[in-house]
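Scroll down for the structure; my scribbles are underneath it.
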Amino acid sequence: MNENKSEKNDDNFADLFEKSYIEIDSLEPGQLIETTIVSISGDSIFLQLSGKSEGVLDKTELTDKDGKLSVKEGDKIKAFFLSSKNGEMLFTTRISGDKAGKAVLENAFENGIPIEGIVEKEIKGGFEIKIGDSRAFCPFSQMGKKRIENPELYIGKNLTFKISEFIEHGRNILVSNRVILEEEHQKQVEILKKTLLENMTIKGTIKLVQDFGAFVDIKGVQALLPISEISRSRVDDIYKLLSVGQEIEASIIKLDWQKERITLSLKALLADPWDKAAEKYKIDSKHKGEVVRITNFGAFVSLEPGLDGLIHISEINRDNMPGDVLKNGQNITVQINSIDTQKKRLSLKQVSSTEEDEDYKKYLEPESDTYNPFANLLKEETKKSNKK
């Protein structure tokens, strides 16, 4: 009884094993399979197949522009059968022109197989694409990710497309390059979702500078660096600080994967001057500063990058507007009235020239707390200066 069961199991296994050979032998060029990478050696990736035949894929197909392999042993991938050569089953993840007969292209259309083609010329509404012996049409709207400004730049390029329409047995073929780029972009987004975190410091390259900020490329995904996050001091001209192609290191301050928005900050990597402001700017102490902004209610004075204080209009002149007394860029001496480090507020008072003179005189007096042993020397120098 057990022997009979064993014989039946052996027969079933033998049947399945035999069927697996038939299944492999019946593969047609362009046919899509899903399989597992069993090993990677040299320039080849070996795929798991039934029977004794091996599936072989060119390693360069799954290598990015930086030479890094995007897969590893054990990963499942989809590949398209090309042909059998010297006992090896050759596969590809995309179909190039020399492999693209009409039957292969139709299979590529039905299974969403990427194909490679050469942009031959610009025609009305788009481009003529040569794929093997066939001709296809790619509309302007389906070439690249952005609106095309210079169509001639695409002529002669070998690009990857997907067939969106295959009509009249291949007499009319419509292709899209944009779909390929969007799929690649989405794959990169999925990778970054697993690796990027808020408050993480990352490196990127500036791709575009605008008045409101800069767009930064992070491994193929675009992030925004707002102008308010560039420096702790006010940025009046972003173009003096940033340029296209510049590499930067910034902190991720916001991740919104639903809207696919990444917000960066250079400012977050700089020390906050408010952390030590209470120690440095004591009440009634005097400091040099620069007028950086004038409003109807007062003037803001920068004591150091990222630390501004306000001279209220009541501290300037009740009979005049702040702009009548102070000017942007003017260097003045101010006195600290009050400081609130939690709210990051600093109240200032402008020190008049008379008050500065009084401070200087006190500095020269022997009985002053700020007596300078070189006071006599300073007096002599002052006398000489006055005589001149």
Residue identified as among the small types (Gly, Ala, Ser) and surrounded by 14 or more Cβ atoms within 10 Å (Cβ to Cβ) among Gly132, Gly67, Gly125: Gly132
Total residues in the range 143-160, condition surrounded by 14 or more Cβ atoms within 10 Å (Cβ to Cβ) and either under 25 Å from the mean Cα position of the chain (by Cα) or charged (D, E, K, R) (or both): 6
Among (1) more than 16 Å from Lys344 (Cα to Cα); (2) surrounded by 18 or more Cβ atoms within 10 Å (Cβ to Cβ); (3) in contact with a helix residue (DSSP H, G or I) (Cβ under 9 Å, 6 or more places away or on another chain), the one test that Leu303 misses: (1)
Breaking point among (1) of a type outside the set (Val, Ile, Thr); (2) at positive phi; (3) surrounded by fewer than 17 Cβ atoms within 10 Å (Cβ to Cβ), for Asp217: (2)
Residues of the range 122-166 that turn out to be in contact with a Pro (Cβ under 9 Å, 6 or more places away or on another chain) and under 21 Å from Leu208 (Cβ atoms), as a count: 1
Per-region count, the range 239-262, residues among the charged types (D, E, K, R) and either assigned to a helix (DSSP H, G or I) or over 16 Å from Leu196 (Cβ atoms) (or both): 2
Restricting the range 35-55 to residues that are of a type in the set (Ser, Thr, Tyr) and not in a strand (DSSP E or B), the residue that is modelled with the lowest pLDDT: Ser53
Residue count, the range 188-200 (criterion: closer than 20 Å to Glu61 by Cβ and surrounded by fewer than 12 Cβ atoms within 10 Å (Cβ to Cβ)): 1
Strands (runs of 3 or more DSSP E) contained entirely in the range 92-196, each with at least 1 residues that are in contact (Cβ under 8 Å) with a residue 24 or more places away in the chain and in contact with a Cys (Cβ under 9 Å, 6 or more places away or on another chain): 115-123, 126-131, 158-167, 172-176
Single unsatisfied condition, Gln188 versus (1) over 14 Å from Phe137 (Cα atoms); (2) touching a Lys or Arg at 6+ places or on another chain (Cβ under 7 Å); (3) at pLDDT 90 or above: (3)
Conditions (1) farther than 19 Å from Ile33 by Cβ; (2) touching a Gly at 6+ places or on another chain (Cβ under 7 Å); number of the one not met by Met89: (1)
The range 161-181, subset among the charged types (D, E, K, R) and modelled with pLDDT of 90 or more, residue surrounded by the fewest Cβ atoms within 10 Å (Cβ to Cβ): Glu165
Hits in the range 306-342 (condition: of a type outside the set (Val, Ile, Thr), out of contact with any Asp or Glu (no Cβ under 8 Å at 6 or more places or on another chain) and at pLDDT below 85): Ser314, Glu315, Arg318, Asp319, Asn320, Met321, Pro322, Gly323, Asp324
Residue tally, condition modelled with pLDDT under 80 and loosely packed, with under 15 Cβ neighbours inside 10 Å, over the range 11-34: 15
Search result, residues across the range 72-91 that are within 23 Å of Asn107 (Cβ to Cβ) and not in a strand (DSSP E or B): none
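The values are calculated or read from the model by the stated rules, or taken from the named source; none is laboratory data. Predicted model, so just to flag it, every value in this text is computed and none were measured. With ideal geometry, Cβ positions are generated from the backbone for all residues, glycine too; neighbour counts draw on all protein chains shown.
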